[in-house]
Structure formats: structure tokens, C-alpha cells
1. Could you check the stretch 74-112 and list, in sequence order, the residues that are closer than 17 Å to F52 by Cβ and not in a helix (DSSP H, G or I)?
2. Look at R445 and say whether it is within 30 Å of V77 (Cβ to Cβ), free of Cβ contacts under 8 Å to residues at least 60 places away in the same chain and out of contact with any helix residue (DSSP H, G or I) (no Cβ under 7 Å at 6 or more places or on another chain).
3. Take the residues of the stretch 214-230 that are hydrophobic (A, V, I, L, M, F, W, C) and without any contact (Cβ under 8 Å) to a residue 40 or more places away in the chain: which is nearest to G482 (Cα to Cα)?
4. Which residue is nearest to T420 (Cα to Cα), if the candidates are limited to the stretch 442-499 and must be under 16 Å from the mean Cα position of the chain (by Cα) and of a type in the set (K, R)?
5. Under the condition of being surrounded by fewer than 19 Cβ atoms within 10 Å (Cβ to Cβ) and touching a residue at least 12 places away in the same chain (Cβ under 8 Å), which residue from the stretch 448-467 is farthest from Q326 (Cα to Cα)?
6. If you go through the stretch 425-444 one residue at a time, do you hit one that is modelled with pLDDT under 85, in a strand (DSSP E or B) and either not assigned by TED's automatic domain parsing to the domain that holds P464 or not hydroxyl-bearing (S, T, Y) (or both)?
7. Working only within the stretch 39-82, note down all residues that are crowded, with 17+ Cβ neighbours inside 10 Å and of a type in the set (V, I, T).
8. Out of all the residues in the stretch 483-507, which are modelled with pLDDT of 90 or more and either acidic (D, E) or in a loop (DSSP other than H, G, I, E, B) (or both)?
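The values are calculated or read from the model by the stated rules, or taken from the named source; none is laboratory data. Predicted, not measured: the structure shown is a model, and the values here were computed from it. So basically every Cβ, Gly included, is an ideal-geometry build from the backbone, and we count neighbours across all protein chains shown.
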Amino acid sequence: MNAKRTTTTTTTQTSAGGVAKKPSKKSLAAATKLFVLDTNVLMHDPLSLYRFEEHDIFLPMMVLEELDANKKGMTEVARNARQASRMLDDIVSGAEHHMAQGIRLEGASRGLASGHLFLQTEAFNGILPSSLPTAKADNQIIGVAMHLSQKFSRRPVILVSKDINMRIKARALGLEAQDYFNDKVLEDTDLLYTGTCELPVNFWEKHSQGLESWKKDGRTYYRLQGPMCPDFLVNEFVWQDDPQPFQAWVKAPEGTQGAGIGKTAELETLTDYTHAKNAIWGIVARNREQNFALNLLMDPDIDFVTLLGQAGTGKTLLTLAAALTQTLETKRFSEIIITRVTVPVGEDIGFLPGTEEEKMTPWMGALEDNLDVLNKPATDPANPVIGSGNYGGDWGRAATMDLIRSRIKIKSLNFMRGRTFLNKFLIIDEAQNLTPKQMKTLITRAGPGTKVVCLGNIAQIDTPYLTEGSSGLTYVVDRFKGWPYSGHITLQRGERSRLADHAAEVL
């Protein structure tokens with residue numbers, strides 16, 4: 001049992017007259033668990049106070065001390081510490097006279113939690129082994145958990161912490177310890193929605209009854225019914241290689257609401273961006289997933305796109321090509337805005353001089369590299385496909401690059417709150433390093449006519465305490481799947497170079 005879902009069913013006792021009465025406090029205490037929370041759980045998710053349903057929560061005094069010590073500053077941790085302190089103040093207000101009996105969480109949580117909150121009201125001494133220094137905060141919290149497990153020997157007492165070493169120490173001392181799982185969208189990221197579905201060989205045989213087909217605006221549409229239709233999601237891509245190649249995406253029939261399709265599904269064929277005549281800023285799709293991604297990026301009805309993939313799969317290049325085409329050629333967007341989290345891979349290089357854009361420039365090396373690729377001449381003998389055209393030699397290319405740079409704005413995440421972007425193409429690079437709360441802050445900046453594209457590789461997370469399952473990128477992929485105005489693709493094949501592909505596989 002983890003700390004995410006801990007529902008326990010209790011049987012209501014009945015008296016001899018057959019009238020049901022509530023279980024006694026003694027029986028309830030035996031049925032429910034007591035969770036001792038570490039400080040990092042509250043600083044990771046202040047709402048964790050309401051995530052344990054009918055079970056009780058115990059906060060040691062050292063947790064309150066650490067919240068107070070970490071409340072200063074503008075970091076995410078400091079903000080969460082302040083929010084947790086405010087929530088605790090709301091819960092405790094008016095309950096000063098019965099703290100020892102526990103404070104009910106049902107009212108403050110609006111029904112999310114029905115357990116009690118206990119605060120440490122007395123000192124516990126002599127519990128820890130002599131080998132553990134009692135001055136350390138983690139050891140004091142473990143000592144409180146050990147005291148509670150001895151005091152309530154018939155009741156499960158569980159320490160919940162994001163600190164791996166603290167959990168190991170607690171288990172070594174005979175305590176039950178768990179990680180905090182409520183922030184994780186998926187336990188196994190292999191189950192994350194990929195945005196594609198391979199059709200079986202007998203798909204058309206099983207779905208041939210009542211099949212309708214028509215053409216509109218140069219595309220072919222199929223309306224069909226069958227066993228696979230209820231499993232389709234809106235804007236999911238379907239493909240088949242045998243007996244003949246087929247690529248399409250799922251569209252919701254008129255009147256359908258929600259992420260699921262129902263018994264009837266509509267398939268719409270794609271624009272073939274693997275062909276040179278459909279090249280986007282000189283770029284053509286080199287594999288099936290890139291073709292799917294370009295269909296999402298170029299569709300005016302899609303407001304939100306997420307692209308996952310390992311290094312070298314073409315996420316940034318495809319997105320920039322689509323952004324430049326729709327900004328400079330079709331004039332669908334007024335400018336391109338690019339942002340990313342400034343989390344270093346190694347040691348921090350310290351403060352940077354200059355304006356906001358100048359400070360962000362060292363973090364935007366990927367943008368410069370991809371702009372160089374997109375501004376190559378079309379007559380490049382090494383790769384005749386790549387390039388946006390020959391604009392009058394070196395002088396023309398320099399002028400084109402100046403024009404491109406004038407329409408691309410680099411913004412810092414720190415100054416996003418309160419802004420509204422109108423008719424912008426917003427690119428969030430390295431989105432795997434964002435928390436779900438930061439991701440919500442960014443996506444809600446989108447105004448009318450704005451398209452938001454999130455790029456990332458959940459195998460390369462640099463933010464402390466963030467995992468593949470709790471990343472903001474994983475969060476939005478799971479929450480937005482099936483929404484009619486969003487789409488997702490996981491790019492599979494690397495196209496950067498054979499060296500980069502081999503390194504990604506074997507290292």
C-alpha cells in the first residue's frame with residue numbers, strides 16, 4: 001500500500017434492535033492508519049495534507065520548524081512552504097482547545113479528507129539509538145515516528161518522506177516508510193500515452209460493416225464502427241504498413257463530447273510532409289512520427305501540442321520550422337516566444353550580465369543550432385533537402401537571419417505570471433524539468449490565437465525531486481489526451497547522426 005491511495009473499508013456495527021450505529025473511536029483507530037509526514041512532503045505538495053482520505057496525519061514539531069526556516073525567498077520550495085503554513089493556520093484556527101484529540105480535516109478539505117490532523121504537543125525522549133545524533137532534524141522526526149509506533153502498537157504508523165536516505169534509516173529501525181506518490185501521474189512511464197496506434201492486419205475486415213467514405217478539401221474521410229472504435233482517442237494517429245501503407249488521425253463525429261470516441265469513429269487522412277512538395281521551411285519529415293508531428297504543428301485547429309522523444313529526434317527543428325512558416329509566410333502568428341527552465345546539467349555558472357534576453361541566451365544554444373540548419377542554402381550538397389532556400393547568397397542569408405531573429409523573443413519563466421499572449425507561437429523547451437504547477441502557470445498564459453508547444457525528454461530530468469512520473473510534461477500529456485484541440489506524439493527514431501543515435505541507445 002502506498003501513500004497515494006489508502007482506502008480502507010470499515011463495516012458498520014448494528015445493535016440488537018437492528019439500528020445502525022457509528023463505529024467506536026477505538027475500532028476506527030484500528031482500521032485507519034497514522035501517517036507521519038516529513039517536511040519535504042509539504043514543501044513538495046502543500047495539498048498533501050488532504051491527500052490521505054480517511055487516515056490520520058501527524059506533524060512533528062520539527063516539521064513546523066523546518067517550514068519556518070524555508071519560508072523566505074522566491075523559489076518554488078519557499079512558496080510551497082508558505083502555502084503549507086497558511087493551510088495549517090486555517091486548519092488549526094479555532095481548534096486550540098482540542099489539539100490533543102486531533103483536528104478534523106473534513107471541513108477544511110471540503111470533503112477530500114475525513115481523517116484528523118495531530119500536532120506534536122509533548123516532548124519525546126530516549127527513543128533513538130545512541131548512534132544517531134538527535135540534533136539532526138531527520139532523526140528527530142524518525143524518533144517521533146518510533147514513539148508513535150510504540151504508543152499505538154495495534155495501529156499502522158507510517159513515515160512518509162521524499163528523502164530516500166531517511167526512508168532507509170527508518171526501515172533499518174523497524175519503521176514502515178513510504179515515498180509520497182500522489183504527485184505521480186503514472187507509476188510506469190512505459191504506460192504513458194504515445195499518441196499513435198498501429199492497426200492490425202484484419203482491421204478493415206472487422207470494421208467494414210457500415211463503412212462510409214468521402215472526400216473533402218483534398219482529404220479522405222472514413223466513418224466506421226467496430227471493436228477498436230471505443231478505444232480510440234480524439235487526435236490519436238493510426239497507421240498500417242501492410243497490406244498497404246495507411247496513415248490517418250482520429251476525429252470525433254459531430255455531437256461527440258469527451259476524450260473517448262464511442263461506437264463510431266471518423267478517420268481523416270494526413271498531409272504527407274515526407275514529400276518535398278509539402279516541405280515546411282525546407283524541412284521534410286524523415287519518418288512516420290515526424291510526419292504526425294508536423295500535421296499537429298501545422299493544423300490551425302490544434303492549440304496545444306506535446307512532443308516527447310530522446311535527443312536527436314527532431315523535436316526543436318520541426319517545431320521551429322512550423323513556427324517560422326506560420327509566422328513569416330502565412331502570418332497566422334505575430335511572433336514566436338521561446339522559454340525554458342534554467343536548470344544546469346553540471347555546476348551553476350553564476351549570475352549573468354545584461355537584459356532578460358541576454359541572460360537567457362546561453363540557455364538557448366539549441367535555438368541557435370536549429371536556426372543555422374533552417375537557414376542553410378537549398379543547394380547544400382551534403383543534404384539537399386534541408387534549407388529554406390537560397391536568398392541571394394551570404395548577404396541574403398544574413399538578412400533572412402536578422403528577419404527571423406526579429407520575430408523570435410526569448411523569455412524567462414520568472415516573469416510569466418500575469419501575462420497574456422495573443423496570436424503567439426509559444427515554445428516551451430526542456431519541459432520535462434517543469435513541475436505540474438509551473439506547467440499550469442505557463443499554459444494558462446495563452447490568449448486567443450496562441451499555440452503552445454511543449455518539448456522534452458522525460459529521461460533527462462535535471463530538476464531535484466522531480467521524476468519521470470511526477471514531471472509536469474508527463475502530467476499534461478496524460479491530462480490533455482483526447483481533448484479535441486490538443487495532440488501528442490512520442491518521436492521514436494533519432495535523425496541527428498549515427499553517432500548520436502548509437503550513443504542514445506548504448507550509454
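1. G102, I103, R104, L105, E106, G107, A108, S109, R110, G111, L112
2. yes
3. So in the stretch 214-230, the residues hydrophobic (A, V, I, L, M, F, W, C) come out as 214, 224, 228-229.
Among the residues that remain, those that are also without any contact (Cβ under 8 Å) to a residue 40 or more places away in the chain are: 214, 228-229.
Working: W214: 24, M228: 15, C229: 13 Å.
Out of the qualifying residues, it is C229.
4. My answer is R479.
5. Top of the filtered list is Y465.
6. no
7. T39, V41, I57, V63 - these are the residues of the stretch 39-82 that are crowded, with 17+ Cβ neighbours inside 10 Å and of a type in the set (V, I, T).
8. Passing the criteria: W483, P484, Y485.
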